[in-house]
Amino acid sequence: MNRSARAFWLRSPGHGELRDITVPEPARGEVLVRTLYSGVSRGTETLVFRGGVPKSQHAVLRAPFQDGEFPGPVKYGYLNVGVVEQGPDDLTGRTVFCLYPHQSRYVVPVNAVTPVPDTVPAGRAVLAGTVETAVNALWDAAPLIGDRIAVVGGGMVGCSVAALLARFPGVRLQLVDSEPARAATARALGVDFAAPEDALGDCDLVVHASADAQGLVRSLGLLATEGTVLELSWYGDRRVTLPLGEAFHSRRLTVRASQVGAVSPARRASRSHADRMALALDLLADPALDALITGESAFEELPEVMPRLTTGELAALCHRVRYA
């Protein structure tokens, strides 16, 4: 069995490289996976690439199979789809998703991979980690039938949340973003679109995912009395200032954080991390979610692609990396 592999490493902030490695022989209870695709989660991964992870969050932001330490050298990533080349009979030959960095082959415990349903193409399955974040967010938010909802920030996470909310009956839903090109993505997802200045107010719930302080300020401004902003953004080492001295107290507004590292308290007693991931993969049977994959390149190009994603020269939602 071929055990040679190549891995993408952040050598130092702003500088990536491919390294040749040899993966170990899988032990009992492990699988050897050959990668088909990986995905770059533009928000978090470009923050890591530019060295923007605060020291206080080095442990919190570790990826499940990260090697090295922030700010670098570090091997980072968590959207990987591949084929099991060696392992238990019921998994060998199966397409699986794993929260693994950008690497052409790897060995992990059996319980670290989730089989991709036959209804989900391998190339779309790279979105599983982000859709899992959206599932957890909606468990936290607990939207109700007929709610007036805005999703502020049309990036990868915001669009995933909007795509799932579009299935809720009777809701008034808008995807809000300052980038006009996001209107086409919203349309593909079956969601209304608005620029920040045109967004409908009086919302029961606003999900904020723009990772921009002005987006959070606008989110507060869109709320009805006693409404909630569910904050999904990760700001890294940036400080955020909010107008909490205006109508925040008199209107009894709420800002609540949601993060995918732990299963939402609303489902923690009845759902495991594995259950949540399996649900995310099932939801990816919807072809509308292909709209979230806006760029693709070969694995060998990743050292040149990551700086362009970080600066915004490549304006991607999810950038897919192909290995064949």
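Details
- For the chain, the longest principal axis of the C-alpha atoms and the axis of helix 128-141 are separated by about 30°.
- By other beta-carbon atoms within 10 Å, ranking Val110, Val81 with the fewest at the front produces Val110, Val81.
- Tail weight of P(r) past 36 Å, computed on alpha-carbon pairs of the chain, percent: 17
- For the chain, calculated [θ]222 nm from helices alone, where every DSSP H run of n ≥ 4 adds -39500 (n - 2.57): -6500 deg cm²/dmol
- Volume in Å³ per residue [convex hull over Cα atoms, computed for region 168-324]: 167
- Normalised by residue count, region 1-140 yields a Cα convex hull volume of 120 Å³ per residue.
- With the alpha-carbon atoms of region 30-84 aligned to their principal axes, the span from lowest to highest coordinate is 36, 23, 17 Å, starting with the largest.
- Fraction of antiparallel bridges per DSSP, the chain only, in percent to nearest 5: 55
- Among His249, His273, a tally of other beta-carbon atoms within 10 Å of each Cβ gives an order, fewest to most, of His249, His273.
- Panel order for Ser12, Ser210, Ser264, by other beta carbons found within 10 Å of each beta carbon, from fewest to most: Ser12, Ser264, Ser210.
- Alpha-carbon spread of region 141-261, three principal axes, descending order, Å: 38, 32, 32
Rule-based calculations on the coordinates, nothing more; no lab input. Small disclaimer: the values here were computed from a predicted structure and weren't measured. All Cβ positions, even for glycine, are placed from backbone atoms using ideal geometry, and neighbour counts span all protein chains on display.
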